[in-house]
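**Q** Mind looking over this structure? Questions follow.
The values are calculated or read from the model by the stated rules, or taken from the named source; none is laboratory data. From a predicted model like this one, the values you see are computed outputs, not experimental measurements. Reconstructed Cβ throughout: ideal geometry from the backbone, glycine too, with neighbour counts over all protein chains shown. All accessible areas refer to the heavy atoms of the entire protein, side chains included, with ligands and DNA or RNA removed. Shrake-Rupley method; radii C 1.70, N 1.55, O 1.52, S 1.80 Å.
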Amino acid sequence: MFFGTYTPKLDDKGRLFLPAKFRDQLAEGLVVTRGQERCLTIWSIEDFTRLTERLAQAPVTNKGTRDYVRMLFAAASQEVPDKQGRISIPPVLREYASLTKDVVVIGSMNRIEIWDPESWASYSSEQEQVFSELSDEVFPGI
C-alpha cells in the first residue's frame, strides 16, 4: 500500500528518487506510464501484471478498450530502481505530465502518482469539496 505526499526533484537526466518508504515494495521493478488528469502512474510489476490480465479479458471490439490500452501501454516503461532508489522517467512521459525539476509524488493505495506541482495544487484544490461530498457514496454509513 502506498500513501503520503512527497516532493522529490528530477535530476538533470530525468531520474526520480523514489521516496524511501516506497523503495522496498518496488525493488524488483515497476512500470511507469500515463495516468489520468495528466499525471504519471507507477505500478509494481505484480499490480501491473494483474491490470494487464484484466485488460486482456476486455473485448477488443470495444473502442474504449482499444483506446485505453493504446494510451496506457504505448508510453509504458519498465524500470528497476538503481542502488540509490532512482528510476528514469522517459522524455515522452515527462512531457505528458509537464514535469521539469520539481515534482509531487503521492501514494494512491496500490499505485504511485507523479504530478507537476502546479497541476497537483490545482487538482487537489478543486477536489477538496468533491472529496467531502463523496465520502457517503464511497463509504456508506461511515
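**Q** Within region 95-114, track down each residue that is within 12 Å of the chain's Cα centre (by Cα) and either modelled with pLDDT under 95 or open to solvent by 40 Å² or more (accessible area, probe 1.4 Å) (or both).
**A** Correct list: Met109, Asn110, Arg111.
**Q** Could you list, in sequence order, all residues of region 1-38 that are in a loop (DSSP other than H, G, I, E, B) and over 10 Å from Val105 (Cα atoms)?
**A** Keep residues of region 1-38 that are in a loop (DSSP other than H, G, I, E, B), which gives 1, 3-4, 7-8, 11-14, 18-19, 27-29, 35.
The answer is Met1, Asp11, Asp12, Lys13, Gly14, Ala27, Glu28, Gly29, Gly35.
**Q** State which residue is farthest from Glu37 (Cα to Cα) when the search covers only region 50-73 and only residues that are open to solvent by less than 50 Å² (accessible area, probe 1.4 Å) and of a type in the set (Gly, Ala, Ser).
**A** Ranking the qualifying residues of region 50-73, first place goes to Ala58.
**Q** Let me ask another. Given region 43-142, what helices (runs of 4 or more DSSP H) lie entirely inside it while holding 1 or more residues that are basic (Lys, Arg) and without any contact (Cβ under 8 Å) to a residue 12 or more places away in the chain? Give the derivation first.
**A** Values: elements: 45-56, 63-74, 91-96, 117-138.
Those helices (runs of 4 or more DSSP H) span 45-56, 63-74.
**Q** Any residue in region 15-37 that is surrounded by 15 or more Cβ atoms within 10 Å (Cβ to Cβ), among the acidic types (Asp, Glu), under 28 Å from Ala121 (Cβ atoms) and at pLDDT 95 or above?
**A** Checked region 15-37: no residue is surrounded by 15 or more Cβ atoms within 10 Å (Cβ to Cβ), among the acidic types (Asp, Glu), under 28 Å from Ala121 (Cβ atoms) and at pLDDT 95 or above.
**Q** What are the residues in region 74-94 that are open to solvent by 30 Å² or more (accessible area, probe 1.4 Å), within 13 Å of Arg15 (Cα to Cα) and among the aliphatic types (A, V, I, L, M), if any?
**A** Val80
**Q** Any idea which residue in region 1-14 is nearest to the chain's Cα centre (by Cα), counting only those that are aromatic (Phe, Trp, Tyr) and surrounded by 12 or more Cβ atoms within 10 Å (Cβ to Cβ)?
**A** Initially, region 1-14 is screened for residues aromatic (Phe, Trp, Tyr), giving 2-3, 6.
In the following step, the residues that additionally are surrounded by 12 or more Cβ atoms within 10 Å (Cβ to Cβ) were identified as 2, 6.
Details: Phe2: 11, Tyr6: 13 Å.
The extreme case among them is Phe2.
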